[in-house]
Amino acid sequence: MANPFLTPAKIISGKDALEAAGPALAALGKKALIVTDSMMIKLGNLDKVLKVLNQHHIAYSIDAEINSEPCDTMIVHGLKQYQAEHCDFLIALGGGSPIDSMKAIAMMSADPDRPLNSYMGQPVETPLPKKVAIPTTAGTGSEATQFTIITDTENDVKMLLKVGNLIPDLAIIDPQFTMTAPKGVTSATGIDALCHAIEAYTSRLAQPLSDTFALSAVKRIFNNLTEAYEHGDNEEARIQMSLAALEAGIAFNNSSVTIVHGMSRPIGALFHIAHGLSNAVLLEVCMNYIKDGALDRFADLARYCGMTQNENDEQAADLFLDNLSALLARLNVPSLAQLNIDRDQFFNSLEKMARDAAVSGSPANTRKVITEEAMIALYKQLW
C-alpha cells in the first residue's frame, strides 16, 4: 500500500537557526504579516525576529492579538490586516496558537468572503501565500502539520481544519525561543508532543515513515522532558525537546491523532483550557483504556525507549504505561478541579463533548473501537 508523506518544504533547526534562516526568509516575499502574541513582545522574542528581517530588508506588519487559543474572530481580524497592509507572506512566532492562526489567515486569504467554518472537511485548491513557523514552545508540532484548530465561537466547537497546503513552507526550530518557557508551559507542551508521538504510533493510519519519527520523538521526550522542566536553562535538553516536538508533529501529520486529541478539543472549546493541558489531563486515562487494542505497539515503545527487553507484549506494554504515569506525576499535571472547571457544568456537558469528539474523526483512528458511551465513561474518570 502506497503512503503519502508530507513535511515542511524546508526546516532549519539548531542553535542560531533564526540567523541562518535570513536568506530563506528573504526569498519568500517582500512584506510579512507577523502573527504573534503580546508575550513574545514582552520577552523580546519579536525583536529577535525583527532584527533578522531588517538585516534582509524585509518589510512587515505585526498582528500581536493571538493572546488566547485562536477563534474565528481573531482570524478575520488578521485577514483584514494582511489585506490592508498589502502583505505577501506570513510568519508565525509563538506556540501553537499563533501558528494555527497564521495557517487559518493564509487559508482565508484564498477566498476572503468564505466563512471559516465552511472549510470543515473541505479541501482548498487555491494556492496559498508562503508561510513561516517559528515555534517558541516544544510541543504543538504545528510547524510541521497540515492541521489548524480554530474555535467556532457561534457553536462552541473547536474546528479541526486539514488542508495539505497549510503545512508551513519554512519551519525555523531555534531552541533560544524555548529557553524562556516557564515550567507550566514546558510541562503542558512537552506532554502535548508526547501525545502526538504516542497517538501517531498507535494510530490505525500509522505507516513506516511516521513510525520512525514517532518512536524517535517518544524516546527523546522520556530522556529530556523532565530535565527541561526542572532545569529550564539546560540548552541541550531544550534542543532535544524542540527536535522531539518537530518529529512528533511530522509523525501525526502523516498518521493522524486518536482518542486523546478527539476528547481534548471539546474540553478546550467549552471550558477554555489550553490544548496541551487538556491533552495532559486525558493522556493516562485514555492510554490505559486503549492498551488492549494496541498491546504490540505499546510494547514496542517500551523496548525502543530502553524500559525493558521483555518479549511478553502485555508485560512490556504495562511497563510503558507505568513509566508514562510516573512521568506525568513528576511533571505535576493538574486535575480538572485544579483547572477550575465547574464539576456540574462538566457533567452536564458529557454527551455534547462525546458527540463533538466523535464528529472530529480522531477517536476512530484508535486501534480499538471507541463509542460515545465509552468516551463519556472516560470523561467521568477524570474526576
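The values are calculated or read from the model by the stated rules, or taken from the named source; none is laboratory data. The shown structure was predicted, so the numbers you read here are calculated from the model rather than taken from an experiment. Positions of Cβ are backbone-derived with ideal geometry, glycine not excepted, and every protein chain shown enters the neighbour counts. Areas reflect the complete protein model, heavy atoms only, side chains present, ligands, DNA and RNA absent. Shrake-Rupley method; radii C 1.70, N 1.55, O 1.52, S 1.80 Å.
General observations
- Residue that is most open to solvent (accessible area, probe 1.4 Å) [pool: residues in the stretch 354-383 that are of a type in the set (Lys, Arg) and either over 23 Å from the mean Cα position of the chain (by Cα) or within 23 Å of LEU295 (Cα to Cα) (or both)]: LYS380
- Unique residue being surrounded by 21 or more Cβ atoms within 10 Å (Cβ to Cβ) and modelled with pLDDT of 95 or more when the list is LEU282, LEU277, LEU321, LEU295: LEU282
- Some residue of the stretch 76-90 being without any contact (Cβ under 8 Å) to a residue 40 or more places away in the chain and assigned to a loop (DSSP other than H, G, I, E, B): no
- Lone unmet requirement of (1) polar (S, T, N, Q); (2) surrounded by 13 or more Cβ atoms within 10 Å (Cβ to Cβ); (3) part of a loop (DSSP other than H, G, I, E, B) for ASN332: (2)
- Given (1) under 22 Å from the mean Cα position of the chain (by Cα); (2) open to solvent by 10 Å² or more (accessible area, probe 1.4 Å); (3) closer than 25 Å to LYS15 by Cβ, number of the condition THR36 does not satisfy: (2)
- Residue count, the stretch 286-313 (criterion: assigned to a loop (DSSP other than H, G, I, E, B) and closer than 29 Å to GLU373 by Cα): 1
- Per-region count, the stretch 164-185, residues open to solvent by less than 10 Å² (accessible area, probe 1.4 Å) and outside any loop (DSSP other than H, G, I, E, B): 8
- Inside the stretch 227-269, residues that are in a helix (DSSP H, G or I), open to solvent by less than 20 Å² (accessible area, probe 1.4 Å) and among the β-branched types (Val, Ile, Thr) make up a count of 4.
- Answer from ASP344, ASP296 - the residue that is in contact with a helix residue (DSSP H, G or I) (Cβ under 6 Å, 6 or more places away or on another chain) and acidic (Asp, Glu): ASP296
- Strands (runs of 3 or more DSSP E) lying entirely in the stretch 96-163 (those with 2 or more residues that are touching a residue at least 60 places away in the same chain (Cβ under 8 Å) and open to solvent by less than 20 Å² (accessible area, probe 1.4 Å)): 130-135, 147-152
- Residue count for the stretch 23-72, restricted to those that are in a strand (DSSP E or B) and hydrophobic (A, V, I, L, M, F, W, C): 7
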